[in-house]
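Accompanying notes for the structure given below.
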Amino acid sequence: GQKQQQQQQHQQQHHESKEQKEFEEKEQEPQMDILGATMDTYTQTKTDVYSDAALALTHIFEHAILPHNYPHSSVFTETQQVALREWLDLLYWTLPPTWMIHTLIQNLRTSFETAGSNPWDVQRIKETVKQHRAVVIQSSKVQEEQWSESCKQGKDHVVTCGLWSLLHIVSVGVLERHDAVLGGRDRVTSEHTLDTLQGFFEHLYQEDKHNHHIYKHNNDQLREHFMERIKACKNDKTCTRRFHATRSTKKEDWKEVAMWMWEEHNGRIIEKLEKRLQRTPRPDELEKIEWPTKTACAECHKADGRWNKVKVLDFLKEEFW
C-alpha cells in the first residue's frame, strides 16, 4: 500500500510538473488579444478592423450563405429568405453610412426586392458580390484577399477573425445609429437585433463543403456558440431584460447589444482556453487573455479585478466606430 501511494504521488508530481512546463512554454509565445492580434507586434488599427470585416462579409456572402440543400438546390427556403432580408436590413442601418460596403448591401437589397415572387437564388448573391468586390475591399486586385497581419497571425481563421470585427461594428452601430433610421423604426430594437443574429447563425451561416472547407471546423464552432448563447439568453430573464422589444427612449438601453457582444467574445476566448488546458483557468491565466487587456485599456480594469464597463464601452466605440 505504501509503494502504491508513492507511485500515485510521483504521478501527481509529474502531472503538475508537465502542466507547469506547458504553461511556461505558452508564456514564451506572443500573447494574443481577443481578435487574434499579437499584443506586442501586430496591433490592429481601425483600418485593419474595417478591411478585415469587409473581406469576411464578402467571403460569407460568396461561400457561407447557402441554401439548405446546396448544391442539390440553389434556391433559398422561405425561412432563409426572411433571415437574409433581416440580416441585410440590420447591416444597412447599423453600419457606418460612409462605408463603401453599403454599395454591396444596398444592391443585394434592391436585387431581392425586384425579384418579386421569384425564388431567391444563391447565384444571384455570388454574381452581385463579384461585381462589387473591388469597391468593397477598396483594392484593384479583386482576387487578392489582403487580410491584416493581425488576423493572419491570430489563432482563429482569418474569416472568423474578420467576422468578429463585423459583429462588433454592428453591435456598436445599434447604439450609434438607431436614431438615424427613417423607415421601419418599429423593427429597430435591441431585441430584434438579437433575433436577426439568431436567424443569421441558425438559417444562413454555414460552410460550402465543396469549395472552402479549410475553416469549416472553426466556423461550425462559432455558429454553435452563438446559437447556444442566444438561446440561453432568451431563456434567462436577467439576459432578456437587457434587450427591449420596443424602441427605448433611454440611450443607455441601446448599449446592451455592444456589451453583450463583448461579453460573448470574452466568453468564447475563455472556452477555448479551458478546452486547451482541460481545467478551469487560474486568475493569472485569465488576465493574459481577457480583452481588452490592461495594456490596451488600463482604465477598463478596476483595482479589485472587476471591469469598469463604462470605460469598456468607450473602448469599444473607439475601436469599432
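The values are calculated or read from the model by the stated rules, or taken from the named source; none is laboratory data. Bear in mind the structure is a predicted one, so any value in this text is a computation, not a measurement. Neighbour counts run over all protein chains shown; Cβ positions are idealised from the backbone, glycine included. The protein model used for the area step is the full one, side chains on, heavy atoms only, and it has no ligands, DNA or RNA in it. Shrake-Rupley method; radii C 1.70, N 1.55, O 1.52, S 1.80 Å.
Okay, residues lined up against (1) at pLDDT 90 or above; (2) touching a Ser or Thr at 6+ places or on another chain (Cβ under 6 Å); (3) of a type in the set (A, V, I, L, M):
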| position | (1), (2), (3) |
| --- | --- |
| S165 | yes, no, no |
| G173 | yes, yes, no |
| D179 | no, no, no |
| H192 | yes, no, no |
| E207 | no, no, no |
| C239 | yes, no, no |
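Would you check if T249 is among the β-branched types (V, I, T) and over 21 Å from G162 (Cα atoms)?
Taking the combined requirement at face value, the residue satisfies it.
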**Study point:** Considering residues of segment 153-203 that are in a helix (DSSP H, G or I) and of a type in the set (K, R) only, the residue least open to solvent (accessible area, probe 1.4 Å)
**Key:** R177
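Quick check on segment 230-237. Is at least one of its residues part of a loop (DSSP other than H, G, I, E, B) and surrounded by fewer than 16 Cβ atoms within 10 Å (Cβ to Cβ)?
The answer is yes, given that some residue of segment 230-237 is part of a loop (DSSP other than H, G, I, E, B) and surrounded by fewer than 16 Cβ atoms within 10 Å (Cβ to Cβ).
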Practice item. Mind listing whichever residues of segment 289-321 are open to solvent by less than 30 Å² (accessible area, probe 1.4 Å) and of a type outside the set (S, T, N, Q)? Key: W291, P292, C297, C300, V312, L313, F315, L316, F320
**Study point:** Residue, modelled with the highest pLDDT, within segment 45-69, restricted to residues that are open to solvent by 30 Å² or more (accessible area, probe 1.4 Å) and under 14 Å from M100 (Cα atoms)
**Key:** Y50
**Study point:** Tabulated pairs, segment 72-87, first of a type in the set (G, A, S), second modelled with pLDDT of 90 or more, C-beta under 7 angstrom, 6+ apart or interchain
**Key:** A83/G199; A83/F200; A83/H203; A83/L204
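Conditions tested, residue by residue: (1) in a helix (DSSP H, G or I); (2) under 30 Å from T193 (Cα atoms); (3) touching a Lys or Arg at 6+ places or on another chain (Cβ under 9 Å).
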| site | (1), (2), (3) |
| --- | --- |
| E256 | yes, yes, yes |
| M259 | yes, yes, yes |
| N266 | yes, yes, no |
| E274 | yes, yes, no |
| T280 | no, no, no |
| K294 | no, no, no |
| E299 | yes, yes, yes |
| A303 | no, no, no |
Point to revise | Residue satisfying all of: in segment 238-260; in contact with a helix residue (DSSP H, G or I) (Cβ under 7 Å, 6 or more places away or on another chain) and of a type in the set (A, V, I, L, M, F, W, C); most open to solvent (accessible area, probe 1.4 Å) among these | key: A245
**Study point:** Single unsatisfied condition, L90 versus (1) of a type outside the set (F, W, Y); (2) assigned to a loop (DSSP other than H, G, I, E, B); (3) at pLDDT 95 or above
**Key:** (2)
